[in-house]
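First up is the structure itself, then whatever we jot down about it.
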Amino acid sequence: MLAKARQLFSLPAKAIGIQNLLRLTQNKLILPFYHTVSDSPLPHIAPLYRHKTIREFKNDLEFLLKNFQPVSLQDVDLHIKGVKEITKPSFHLSFDDGLQEIYSTVLPVLKEKGIPATLFVNPAFVDNKRLFFRHKAALLIDKLEKKGFHRISTPKDNKAKEWEQLILTAQYHQETRLDELGILLEVDFNEYLEKKHPYLSIGELKRLSLNGVEIGAHSIDHPEYQYISLDEQLRQTKESMSWVKEHFNPKVNAFSFPFTDFGVGNKFFEILENDINYPVLFFGTAGHKTELNANHLQRIPIETSTKNASSVIASEMLSSLLKKGIGKSVITRTA
Ligand SMILES: [Zn+2]
């Protein structure tokens, strides 16, 4: 078994084929997620990750629809509760961060193809009131590039590398560092918010919700949970969930962790369970993996590489299959 699994692992997932992977896998529900889709350059995103163009996004959806059936957030919830089983290969699509293109670009595609989705938003950024600190970092990098610094540094531009490091390593609690660099590099974050409207307005969110897009919470202003206290993790979760309930009254209260759920302990879930703003579904970003708590689901990030959804999903499924089949320790050893 072990030798066979090792042999399998050395094969590219694509060569095995999605249909064969689906025949072997028990968990038929996959949860791919994106942030945004655009044919135009997005300076607040580009230095952070590669978003898809409309054509690439449509190709991903065509692959998904060919191999999986789209299900709603309610279907996912009923499946988790054991009310309605998901037996056929299925997917539920979601988007994080409440970015503007979800209304202008993504919604028409979803409607055309009849795909339900969930959008996780940060109340602090809605209506372009504030810029997410990582988007500030991206704008600073963009400005450096416009000033002639290049991302791939040669020994000659060590200075550029230093600046880049300073910007990209700034954490949530170091946002003032980014604000100061904004002044130095003459990047006006407020002007960017006013002119470019990178985030959705409350009106657009309402229209999305009327058009079959469920709204979920994504914390108030996107801290990385492993670096904040338990009390602050709870506050960020409860207040953002309560905001979503107040404005959209969703059928299912869902929450996606900002960045990652790495470092979030059992205590967090135990305390939240007794709260009025308890999310009934939690979403992470760790790939096609299973959690001990049935209502904590892991999603597959599709924007992490230049690969298309078919190869990202096939490798996630293969890796999950092998971990189940031969035990986690073996995978750790061979990796
Ligand atoms: Zn996010």
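FYI, it's all coordinate maths here, none of it is from the lab. Everything numeric here is computed off the predicted structure, so don't read it as measured data. Glycine also receives a Cβ, built like all others from the backbone with ideal geometry; neighbour counts cover every protein chain displayed.
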Fill in: Amide H contacts under 5 Å for Asp261, placed H, 5+ residues apart
Thr285
Practice prompt. Give the shape of segment 158-243 as rounded, prolate or oblate, defined through the alpha-carbon gyration tensor: a ≥ b ≥ c are the square roots of its eigenvalues, a/c under 1.5 means rounded, and otherwise the shape is prolate if a/b is larger than b/c and oblate if not.
Written response: oblate
Response to the item:
The alpha-carbon center of segment 35-65 and that of segment 67-89 are separated, in whole Å, by 26
Discussion item. List the residues, sorted by chain then number, that are 5 or more residues from Ser201 or on another chain and whose placed amide H is less than 5 Å from its amide H.
Written reply: Asp127
Worksheet item: Between Lys147 and Glu239, what is the FRET efficiency for a Förster distance of 45 Å, r being their Cβ-Cβ separation, to the nearest 0.05?
Response: 0.70
Worksheet item: Peptides 135-146, 49-60, 111-122: what's the order by average Cβ count within 10 Å, highest mean first?
Response: 135-146, 111-122, 49-60
Worksheet item: Contour minus end-to-end for Lys206 and Lys84, with contour as 0.36 nm per residue of separation and end-to-end as the Cα-Cα distance?
Response: 41.1 nm
Worksheet item: Using the per-residue mean of other Cβ atoms lying within 10 Å as a proxy for protection, in what order, highest first, do the peptides 90-97, 267-274, 160-167, 315-322 fall?
Response: 90-97, 315-322, 160-167, 267-274
Worksheet item: Going toward the positive end of the dipole of segment 12-65, with +1 on Lys and Arg Cβ and -1 on Asp and Glu Cβ, which of Asn27, His51, Ser38 do you reach last?
Response: Asn27
Worksheet, complete the sentence: If each K or R counts +1 and each D or E counts -1, the residues other than Ser201 whose Cβ falls under 14 Å of its Cβ total +1
Discussion item. Spelling out what I want: for every residue of segment 110-117, take phi, set θ = phi - 60°, compute 6.51 cos²θ - 1.76 cosθ + 1.60 (Karplus), and round to whole Hz; glycine and proline get x.
Written reply: 5, 5, 4, 9, x, 10, x, 8
Response to the item:
When the chain is treated as a Gaussian network with springs between alpha carbons less than 10 Å apart, the largest mean-square fluctuation among Ile220, Ile18, Ile313 is found at Ile18
Item to complete: Quick one: which residues, 5+ away or cross-chain, put their amide H under 5 Å from the amide H of Lys52? H built at 1.01 Å from N.
Response: Thr36, Ser38
Worksheet, complete the sentence: For Lys146, the aspartates and glutamates lying under 13 Å Cα to Cα, once residues fewer than eight places off in the same chain are dropped, come out as Glu186
Worksheet item: When the Kirkwood radius is taken over all Cα pairs of the chain, what Stokes-Einstein diffusion coefficient follows at 10 °C and 1.306 mPa s, in µm²/s?
Response: 75
Discussion item. Suppose the chain between Gln19 and Lys251 were pulled fully straight at 0.36 nm per residue; how much longer would it get relative to their current alpha carbon spacing?
Written reply: 80.3 nm
Item to complete: Calculate the dipole size of the chain relative to its Cα centre from +1 charges on Lys and Arg beta carbons and -1 charges on Asp and Glu beta carbons; express the result in debye to the nearest 20.
Response: 1560
Worksheet item: Once you list every other residue whose beta carbon is under 13 Å from the beta carbon of Arg299, what net charge do they have if Lys and Arg are +1 and Asp and Glu are -1?
Response: -4
Practice prompt. Report, in order of residue number, the helices in the chain meeting two criteria: a C-alpha extent of 18 Å or more along the helix axis, and a mean Kyte-Doolittle hydropathy of at least 0.0; treat each whole DSSP H run as one helix.
Written response: 309-326
